[in-house]
Each structure stands twice: as structure tokens, then as C-alpha cells.
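The structure appears right after this line, and notes come after that.
The values are calculated or read from the model by the stated rules, or taken from the named source; none is laboratory data. Because the structure is a prediction, the values reported are computed rather than measured. Every residue, glycine as well, gets a Cβ built from its backbone with ideal geometry; the counts of neighbours run over all protein chains shown.
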Amino acid sequence: MKQFIYILTLALAGCSQNASISGTKVTTLDELKIAIKEAQPGDNIIMANGTWEDAEIKFVAYGTEDKPITLQAETMGEVTLEGQSCIKLGGEYLVVKGLYFKNGYTPSKAVINFKKDKETLANHCRVTECVIENYSQPHRDKKDHWIELWGRYNEIDHCYIAGKSNDGPTLRVFLKGNESIKNFHKVTNNHFGPRPRKGGPRGETMQIGDSYTSMAPCNMTVANNLFEACNGEVEVISSKTNFNEFTGNVFYKSEGSLVTRHGSYCRIDGNFFIGDGSENVGGVRLINSGHWVVNNYFYNLKGKQFRSPLAVMNGIPKSPLNRYLQVTDAVVAYNTYVNCESPWHFGVGSNVSEAAVLPKSEIRSARPDRVVVANNVIYNEAADARPIMAHDSLDGISFINNSIDNQGQSFPYAYAFQAQKTSVNSVNEYLKVPTVENYDSVYNGFEFETISTDVIGRVRDGSNQIGAFSKGAIATDPGVLDKSKYGASWYSNEVEERTPEVHRISSSEELATKAAAAKSGDILEIVAGKYQIHKPVVVNKGLTIKPVEENGLVVLDYTGAAESPLFQMQGYGELTLEGVKLVGNGSNYAFATLKENMNRHYNLSVTNCDISNFGYVHRAYKESMAQEITFTGTTIANCANGIELSEETNNRGDYNVEFLTIDSCAFNNVKANVIDYYRGGYDESTIGGNLRVSNSTFTSCGSAEANGILLNHRGIIHVNIDNNTFANNRVKRVSILWGAKDNHESGNKLTNSGSIEVQQNLALKLMY
């Protein structure tokens, strides 16, 4: 290969000045391999702008602390690795900079791996200014990680990472072998963008270690990152090792928590947990010993139990490594909770009542012990009936010098607080700084002098105050949600708002063609009339379909082949269907997912529609995942099957939709699978799916239902069946509720339809 020195002046997006780089420019994979092989300390290897397809890069070299070897984009963001691409690092003092992974998936175990093979790990290596976006496997069940950290003293910084929808944590830290323990890795200043709901476990944004290395020291730092809408599962971060620090991070509208799942002696210091009032957004959940939770700000969090702002769990006596160890010797101090509903949950996960169907190794009866809760502030604009939720005895908790302003309302366990009048400095919509009036005392417990600064870095000195803000009101907005502080400087996930375009449909052919041509968010308005549709309408973007006139009758008569859907839901498809009549031929489907390659999520909302004569109303195939499916004010009649969401039969905690809502609908003569929604496998940390059936009627349904149950929802954690009417349904049972979980019914009327039964404990296969 003919090598040459390449000198480049480039304008870096988001930077105030130009920077000059020099090095060896490569334009092909062969040239890159040679450049890496010949690299010496201090060398820069510059990948030429353009698309690098199916690039499996092995970056193995040995730089020095003063002279690292750098592999970087010619222009940051303009070197895209697509198709089946990945990079493996091995050696010392290497830097990877400015690469963009998109439009594909890794052919190996990771997109970026700090290990070439088990003998060649990376040490003192850095990945910076890179982006990994929507780089998921075609099959949701295929496991990979986007980043694997091995070795020691490695760093991920100023990267944007978002959109993982397949099995496995986004970032995974391994501690297998002495060469990877006490690793002192750093993950700093990154933007972990939205991760969609996975529908089961193994959807963490970050997992640090695992059960079997949980006794090893890690000493990892996770600092100054933004976690935005990281909704993969109940654990945003799963810390499973010892001596980790989580400081200065912002968790924004993320449906999960920072969890010390295994391991001990973590410090959670100076973080912001900001919710939107959703019951799914969590805070901090503690398991194991010696953790310090200090200087954190919790705002507008409404999660319960596993997702509560502070969840301190019960453990299992003599717990195996992969279960739950007792919480002991923890400190929760100098935190501020604003407008958080029931912010403190203690004894979470207590399940003594389920002892009949669980082995002893699963019974969480070991209460938290030697836990100090001190110098915290709780402020509620509206009174909270239960600021403390005790799921077991509080005997092991010491409450010292905590303040609450609960608008004068009394509540259980009031002894844990001093009721104090509180003033509030409203900095912005999410940052409200309470100051306890006439309350200057602080509790100085053992090693409390180590809490030397507050949540925004102000020194705690002689004017120290309780709560996360040491000196009360703040003069300026710290800008914790300023996205320019996080992630790659050249990339932004902000999307410019556009006014949806309205497309008028007046023929059958136009429905398919204009749906294909429309942009996401557009509206298709159909002129009143009857339309024969012969082929599926593909939904792979956000579309609203409705009549031109509010009361205009639009009939879509689907004559397509058996088992084909009128609306084919594909990845990224979001269909809102309003006021339309759908008619099938008895063997085809109204809605269905792809049978394969449904690695992207979809949403379906059907309102005020009339659906009749289909083989299935909706059929979701294996590995498909909807975040939300909603039927409102809709009549479903004379269909062989209803809503089928039961393909995840691997009993690993997976399911096909996160939220299924049926409200004010009428089901008439739906023969089987009226609602079939399934989650199999016992996994105590999976707390989904969610089913609500309300204000609806079910008449003459279930005649072909093999198991004699009208509404099947086995294994679904949250079920609410309320104010429905069931008449003349030829089944033995309308529903079997899981009493030990969040399954409820109320206000239902049953006539010739069997019963609604409660089974307190379901015997499910243990997943681990």
C-alpha cells in the first residue's frame, strides 16, 4: 500500500474553532488493516469520509500514555459504518473517534468491543465522539451488546447511543478474570438516548458485571451522562459489582431505575431523576450492603415498588449470588424529593405470602437492617397520603433529621420526619428548590464529612442545610437538561417539528400509494364511500387515517389473501385509525405484524371503528413488540379470533406489547382468542405487561376457545378489568387473575359467562 501523510483542516459541528489533524488516510478496509498493523505510538489513522459497508475492524496496537494511537473519522459523523460492521479493540492506549454506526447490526457479540479475543484485551483505551443509532439485530431474541467493556482503565465519553430494541443490555461491563476486575473504567458525558420498551428482561441500558462476578471489585465511574427515555426495562442501570460511583448523571423520563442489583458499596451522588408523572419512571433501588445515596434530586416521580423514587428491598436469607442479598449498612442522606408520590418504599419485594409456590431460595424475608435515612427533604405541592410505604417492618431503619412539607396532611410513620414549612425556588419547569424555613440543624453521622458538596457542586460548609441543595435557593439554572453538554458534539437527536401534511384519499389505489409516499406524522383523510382493498397497506411510519367528514361512512372492504392483513404493521409503524369500518373475508386479518424481522417497535390505536368478519382482528407474531395497542369505542363482531398477543412462549419473561388497553368497546361473536396476552417464566424483576379492559361488552364470544377462558392474560403483571358486561359467552371463566400481583377486577356484570377467579399464586417456570 502506498501510504502518505494527510493534513486536514475540518470544521467540527458544535465546535467554536477549526482543528487540524494529520495522519495516514485510508480509503479501503485493506488499507486500514495495513495501517493498523504498522501503527506506532502517536500515529493517527484517518478513515476517509463515506460509507464503510460490512466493516469488521480489528484495532490491535500498542500506544503509550503520552502517544496514543488514534483511529478517527476524516470528518466526525461522515464516516458511517453500515451493514454488518463492528470494531474490536486490543492493546493499550488506543483512541477511536468520530465514527457513526447505523443502518445495520453487528455480526459479532458487540458493535464496539474492548477485546479482540480472550487473550487480547484493551487497556487504557478510549472511544469518544461516536454514535450508535438503531443498530439492532433483525431478530429481537438475538442477543448482543452495543458496547462491551473488558480489561482496565478504558473510557467511553461524549458518545450518543440510542435505539437498541433487541435482547441484551446496551452497554455491558465484564469482570471475567483478574485482568478485568478493579477495572476503573469510566463512562462519562454520554447521551444515552431513547431505548424502546423491550417487553421483558435483558433490556438494560447499562449492566455492570453479573451475578457470578458480583463479589469482585469493579471501581467503575459513571458520571455526567444523560439517560433520556431509557425504557428498555425496569433497570436503566444494573450495577452488579462493588465500589462503583454514579455521579452527576441525569435520568430523564426513563422508565426504570438505577439499581444496585448485586454487589455492594456503591455511591450514588449528585444525580437528577426527573419524571413526567408517569407511574413507570423510577429512581434508585437498593439491594446488598454499604451503599450511599446522597445529594440526589428526585422530581415528579410516581413509580411504585420496584420503580419508586427510593426502593429499599427485602433480601433472601442465605441468598445465592443471582438472587437478592439483604440491604444492610446503607446511607440515604441529603436528598431532595419534590412532588414525588410515596417517595420512600421499604421492604420492597417482600413475598412471604407466595411461599406455597416458591422455593425457599426465592422468599424475600430479610428486612433492611442498619440503614440510616438522614437529612432528607420531601416537599409536596399536593398532600401525599403515604410518603412512606412499608412492605415489611421498619425496625432496621433509622430516620434522623428528615423534613417534610406535606401541606398539613397526616400520614403513617410520621415519626420519620419533622413537619416543616418550606419555601420553593422555582428555577424552571423541572427544577424546584425547596428550602426548609427556620431549620438549620444537620445530622453529622459517621463519615458524613465525605458528603462535602451538594447536588450542583456547592461546598457544604458552616451554612450547610439538609436536602440536596446545601444553601437553598440557586441563582442560575445549572442546565442539567442542556443536551449540548452530553454526547457527540457533531450530533443532535432533536427533531424539528413539522406540521403534518393532509392527504386526501378518493380511491382504493390512493390509499396504498399515498401511505407509502407520506411522511411520518401525516394524515390520510378518506372521502366517504366503500373501497375494495386487495393488498396490505404497509404501515412503517406514523400515520393517521380517518374520514374527511367526521360522520362520513368509510368502508374498507379487504379482499386480500387468507392470513394477509389489511394493515401490515412494520417496524417504526404507528397507526392511528379513527371512524372507519373494516370488513374482511373471514380468513384474512385486520392488522398483523411481519412474520420475521420485526426488530423495530410499533404502535396501534383504533378509535370509533367497526371491525367485522376477519380471521384475526390483530395478530402479532413472535419477536414483534408493540409499545402500546389501544382499542377505544370500537365494535368487533363475527371474527374467528380477536387480539392475539401470545407468541412469546419461550418462558423467558418476554411478551408482545407493553400496554394493551380496551375501553368502551363491544365484542360480539368473536369465537376464540378474544384477548390472548401472554408472558411466561418467573422473573421477579420483570414487572410488565399491562392490560386494562374497561367499560366494554362481550356477548356470545369464546365458543371456540379451547381452554374455556374468555380473556387470557397468564403471567401479565398489571391487569385491571373493570366495569364491563359479559353476557352469554360460552366459557367456563371470563378471567383468571393473579392475586399475588397487580391483577384486579371491579364493577363487572356476568350473565351466562362463567366466572372471574383469583388464583393467588401462579406456578411459573423459573427463568434463572
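Some points to look at:
- Test: Lys88 is modelled with pLDDT under 95 and outside the structural domain of Asn597 (by TED's automatic domain parsing): no
- Failed item, numbered, when Asp141 is tested on (1) modelled with pLDDT under 95; (2) in a strand (DSSP E or B): (2)
- Search result, residues across the stretch 428-470 that are basic (Lys, Arg) and closer than 21 Å to Trp292 by Cα: Arg458, Arg460
- Filtered residue count, the stretch 219-265, keeping only those that are out of contact with any Gly (no Cβ under 8 Å at 6 or more places or on another chain) and within 18 Å of Gly315 (Cβ to Cβ): 4
- Pairs linking a residue in the stretch 26-46 that is assigned by TED's automatic domain parsing to the domain that holds Val60 and under 15 Å from Tyr62 (Cβ atoms) to a residue that is part of a loop (DSSP other than H, G, I, E, B) and of a type in the set (Val, Ile, Thr), with Cβ atoms under 7 Å and 6 or more positions apart or on different chains, are Pro41/Thr64.
- Lone unmet requirement of (1) surrounded by 21 or more Cβ atoms within 10 Å (Cβ to Cβ); (2) touching a Phe, Trp or Tyr at 6+ places or on another chain (Cβ under 6 Å); (3) of a type in the set (D, E, K, R) for Glu647: (1)
- Residue match in the stretch 302-324 (condition: crowded, with 24+ Cβ neighbours inside 10 Å, of a type in the set (Lys, Arg) and assigned to a helix (DSSP H, G or I)): yes
- Annotation note: Cβ proximity below 6 Å between a residue of the stretch 499-518 that is surrounded by 17 or more Cβ atoms within 10 Å (Cβ to Cβ) and a residue that is at pLDDT 95 or above and among the acidic types (Asp, Glu) (sequence gap 6+ or interchain) occurs for no pair.
- Matching option when the condition is β-branched (Val, Ile, Thr), surrounded by fewer than 17 Cβ atoms within 10 Å (Cβ to Cβ) and closer than 25 Å to Gly277 by Cβ, among Val424, Val455: Val424
- Test: Glu65 is at negative phi and of a type in the set (Asp, Glu): yes
- The condition of being more than 30 Å from Ala355 (Cβ to Cβ) and crowded, with 22+ Cβ neighbours inside 10 Å holds for only one of Asn669, Asn724, Asn638, that being Asn724.
- For the stretch 399-417, a residue qualifies if it is surrounded by 13 or more Cβ atoms within 10 Å (Cβ to Cβ) and either part of a strand (DSSP E or B) or among the small types (Gly, Ala, Ser) (or both), and the qualifying residues are Phe399, Ile400, Ser403, Ile404, Asp405, Ala414, Ala416.
- The number of residues in the stretch 93-113 that are within 22 Å of the chain's Cα centre (by Cα) and among the hydrophobic types (A, V, I, L, M, F, W, C) comes to 4.
- Ser753 fulfils the conditions (1) assigned to a strand (DSSP E or B); (2) farther than 27 Å from Arg652 by Cβ; (3) of a type in the set (S, T, N, Q) except for a single criterion, (1).
- Annotation: of all residues in the stretch 118-161 being over 14 Å from Leu89 (Cβ atoms) and among the polar types (S, T, N, Q), the one that is surrounded by the fewest Cβ atoms within 10 Å (Cβ to Cβ) is Asn134.
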